[in-house]
Amino acid sequence: MPTPPSAVPRDEPVIRDRGDACPGALRLHAADDGYLARVRIPGGALTAGQASLLADAADRFGDGHLELTSRGNVQLRGLADGCGAGLGELLDAAGLLPAPSHERVRNIVATPTSQEVLPWVRELDRLLCADARVTALSGRFLFALDDGRGDVAALEPDVTVLGLPAGPAGGRALVRFGAAAGAVAVAAHDAPRAALLAAVHFLDAVDAAGTRAWRVAELPAEHTPDEAQFAARLAASGIDATPVPAVDWPYCAPPRPWGRGPGSGPRGPLCVLPPFGRLTTDQWRLLVRLDDRGAGMRITPWRTVVLPDVPLRAPGTDGPALLEGAGLVVSPDSSWQSVTACTGRPGCAKSTADVRADARAVVERTRGALPVHWSGCERRCGHPRGTRWVDVLATEDGYRIASRGPLPSGRPELEAALTAARAAAPEPDAVTTGAPKTAAPGGTGPAQPCPT
């Protein structure tokens with residue numbers, strides 16, 4: 001299997017000969033089931049009005065579904081040729097296209113259960129949309145704004161801002177390039193501007209390397225920015241910055257689906273998991289209706305939705321019961337927990353199977369500790385980041401199963417991961433199953449983009 005570009009060793013730098021073809025809200029992608037639009041949602045934060053207009057767009061222009069991506073964005077599928085202008089007008093009315101020339105570079109994930117990071121999100125988004133230089137960023141370049149717990153910092157971002165114990169509202173923050181061991185410490189109020197300057201610093205490094213890298217991990221080692229260089233650059237821009245050569249980066253697991261727990265009151269937060277991150281517009285509008293106080297919703301990079309304040313027990317408006325009745329998951333012990341899949345057949349011509357149908361057929365009988373991702377081809381679009389996971393890959397001869405990704409360092413977690421990996425893949429590397437696929441290999445139509 002070819003090594004993904006982001007994982008290429010540093011002595012084998014990636015050399016690009018073209019710009020990336022990552023879709024956006026205005027640059028539509030032709031898939032087997034129609035055109036696809038990817039709407040960037042910085043920090044995953046949507047107001048009720050914006051969410052309602054997205055559902056209108058899916059009904060008016062698409063196939064009546066909304067898909068959540070692994071960067072907290074929303075995709076519309078099944079779009080008709082020639083709908084771009086109308087879709088753009090609707091999204092602009094919703095405030096989801098503040099700068100059309102920049103819409104593909106507004107890739108910002110943020111701790112979804114934190115309200116404190118939202119000012120960071122808004123300010124970084126404003127700065128990005130006002131800077132002409134950053135339009136040169138790839139549509140895959142990722143910013144992560146983490147309140148200090150270490151959830152989105154684990155998603156292999158290109159620029160990470162990590163709040164220190166005082167929190168984003170005050171104190172200090174760390175800014176890091178890629179997976180560097182060190183970082184630069186700045187005042188929390190300077191963090192969004194420091195993140196923007198980090199992106200510009202990356203673009204300068206790309207120009208110097210001449211490789212047209214899309215992400216920090218693709219830069220040759222001699223061109224990768226270090227914390228001392230970056231601190232000097234920030235100081236020259238009027239930001240007090242201190243290099244921190246080594247950081248003990250925290251890690252926090254992503255939020256799990258939850259409804260109401262013991263002792264919960266009549267109102268509270270909900271974390272909702274749509275199977276495969278795909279919702280009908282009826283399911284989506286149910287989430288909007290439950291947000292009866294206008295707290296909005298947060299789309300997470302783990303394809304869940306966090307509703308900060310909804311009814312949990314009120315008669316007739318029992319949020320968890322209504323969601324479960326609509327086919328959505330709010331139980332942390334659901335068999336759908338941590339099961340994901342690419343689009344598969346029939347939406348993607350590259351796929352050799354209808355992986356979602358096959359996953360549905362066995363999901364109740366294949367519980368385990370590790371996340372599982374089903375892929376229709378070698379690209380493994382949308383696979384989990386920052387964690388160990390079970391790779392279920394469709395091939396011409398059946399499914400190939402293996403364990404991939406970093407092993408956790410904690411002994412209980414390591415034990416659970418190894419047990420699950422051995423159960424899923426009894427051979428040292430992988431096992432090929434003879435399980436029949438539900439769709440034959442497709443033709444030569446357009447490929448499905450990575451749903452990030």
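The values are calculated or read from the model by the stated rules, or taken from the named source; none is laboratory data. Quantities reported herein were computed from a predicted structural model and do not represent experimental measurements. Every residue, glycine among them, receives a Cβ derived from its backbone with ideal geometry; neighbour counts consider all protein chains shown. With ligands, DNA and RNA removed, areas are computed over all heavy atoms of the protein, side chains included. Shrake-Rupley method; radii C 1.70, N 1.55, O 1.52, S 1.80 Å.
Take Gly347 and decide whether it is of a type outside the set (Ser, Thr, Tyr) and crowded, with 19+ Cβ neighbours inside 10 Å.
Here the answer is yes, as Gly347 does meet what is asked.
Quick grid of which residues meet (1) of a type in the set (Lys, Arg); (2) modelled with pLDDT of 95 or more:
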site: Leu54; (1), (2): no, yes
site: Arg60; (1), (2): yes, yes
site: Asp63; (1), (2): no, yes
site: Leu68; (1), (2): no, yes
site: Ala80; (1), (2): no, no
site: Gly86; (1), (2): no, yes
site: Asp92; (1), (2): no, yes
site: Leu96; (1), (2): no, yes
site: Pro100; (1), (2): no, no
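Select from the range 212-246 the residues that are of a type in the set (Lys, Arg) and modelled with pLDDT of 95 or more and list them in ascending order.
Matches in the range 212-246: Arg215, Arg233.
Kindly indicate which of Ala166, Ala179 is at pLDDT below 95, open to solvent by 10 Å² or more (accessible area, probe 1.4 Å) and farther than 27 Å from Asp20 by Cβ.
After applying the criteria, what remains is Ala166.
When Ala221 is evaluated against the numbered criteria (1) small (Gly, Ala, Ser); (2) on the phi < 0 side of the Ramachandran plot; (3) touching a strand residue (DSSP E or B) at 6+ places or on another chain (Cβ under 9 Å), which criterion, by number, is the only one it fails?
Ala221 satisfies all of (1) small (Gly, Ala, Ser); (2) on the phi < 0 side of the Ramachandran plot; (3) touching a strand residue (DSSP E or B) at 6+ places or on another chain (Cβ under 9 Å) except (3).
Tell me which residues, restricted to the range 154-163, are over 15 Å from Asn107 (Cβ atoms) and at pLDDT 95 or above.
Within the range 154-163, Leu162, Gly163 meet the criteria.
Find the residue count for the range 218-261, including only residues that are assigned to a helix (DSSP H, G or I), farther than 21 Å from Ala185 by Cα and open to solvent by less than 40 Å² (accessible area, probe 1.4 Å).
1
Looking only at residues that are among the small types (Gly, Ala, Ser) and open to solvent by less than 10 Å² (accessible area, probe 1.4 Å) in the range 269-296, which one is modelled with the lowest pLDDT?
The residue in question is Gly277.
What is the residue count in the range 373-390 for residues that are open to solvent by 20 Å² or more (accessible area, probe 1.4 Å) and closer than 19 Å to Val152 by Cα?
Counting residues in the range 373-390 that are open to solvent by 20 Å² or more (accessible area, probe 1.4 Å) and closer than 19 Å to Val152 by Cα gives 6.
Only one of these conditions is not met by Ala153: (1) aliphatic (A, V, I, L, M); (2) open to solvent by less than 30 Å² (accessible area, probe 1.4 Å); (3) in a loop (DSSP other than H, G, I, E, B). Which number is it?
Failed condition: (3).
Could you pull out the residue among Ile401, Ile299 that is touching a residue at least 40 places away in the same chain (Cβ under 8 Å), touching a strand residue (DSSP E or B) at 6+ places or on another chain (Cβ under 6 Å) and open to solvent by less than 50 Å² (accessible area, probe 1.4 Å)?
Testing whether each residue is touching a residue at least 40 places away in the same chain (Cβ under 8 Å), touching a strand residue (DSSP E or B) at 6+ places or on another chain (Cβ under 6 Å) and open to solvent by less than 50 Å² (accessible area, probe 1.4 Å) leaves just Ile299.
Looking for something in a loop (DSSP other than H, G, I, E, B) and among the hydrophobic types (A, V, I, L, M, F, W, C) - is there at least one such residue anywhere in the range 180-202?
There is at least one residue in the range 180-202 that is in a loop (DSSP other than H, G, I, E, B) and among the hydrophobic types (A, V, I, L, M, F, W, C).
How many residues are open to solvent by less than 10 Å² (accessible area, probe 1.4 Å) and of a type in the set (Lys, Arg) if we restrict to the range 42-85?
Residues that pass the stated criteria total 1.
Do we find that Thr340 is open to solvent by 20 Å² or more (accessible area, probe 1.4 Å), part of a strand (DSSP E or B) and either hydroxyl-bearing (Ser, Thr, Tyr) or in contact with a His (Cβ under 9 Å, 6 or more places away or on another chain) (or both) in this structure?
Here the answer is yes, as Thr340 does meet what is asked.
Could you grab the pairs with beta carbons closer than 6 Å, sequence gap of 6+ or different chains, first residue in the range 130-142 and within 15 Å of Ile108 (Cβ to Cβ), second one in a loop (DSSP other than H, G, I, E, B) and open to solvent by less than 10 Å² (accessible area, probe 1.4 Å)?
Final answer for the pair search is Gly139/Cys22; Arg140/Cys22; Phe141/Asp158; Leu142/Asn107; Leu142/Pro157; Leu142/Asp158.
Looking only at residues in the range 346-376 that are of a type in the set (A, V, I, L, M, F, W, C) and assigned to a loop (DSSP other than H, G, I, E, B), which one is farthest from Gly386 (Cα to Cα)?
Here the residue is Ala349.
Each row is one residue, and each column tells you yes or no for (1) under 24 Å from Asp20 (Cα atoms); (2) part of a helix (DSSP H, G or I).
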position: Leu124; (1), (2): yes, yes
position: Leu128; (1), (2): yes, yes
position: Val134; (1), (2): yes, yes
position: Ser138; (1), (2): yes, no
position: Phe141; (1), (2): yes, no
position: Ala144; (1), (2): yes, no
position: Gly148; (1), (2): no, no
position: Pro157; (1), (2): yes, no
position: Leu162; (1), (2): no, no
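Within the range 31-73, how many residues turn out to be at negative phi, out of contact with any Cys (no Cβ under 8 Å at 6 or more places or on another chain) and not in a loop (DSSP other than H, G, I, E, B)?
Total satisfying the criteria: 23.
When the residues of the range 310-331 are narrowed to those that are more than 12 Å from Val272 (Cβ to Cβ) and open to solvent by 40 Å² or more (accessible area, probe 1.4 Å), which ends up modelled with the lowest pLDDT?
Pro315
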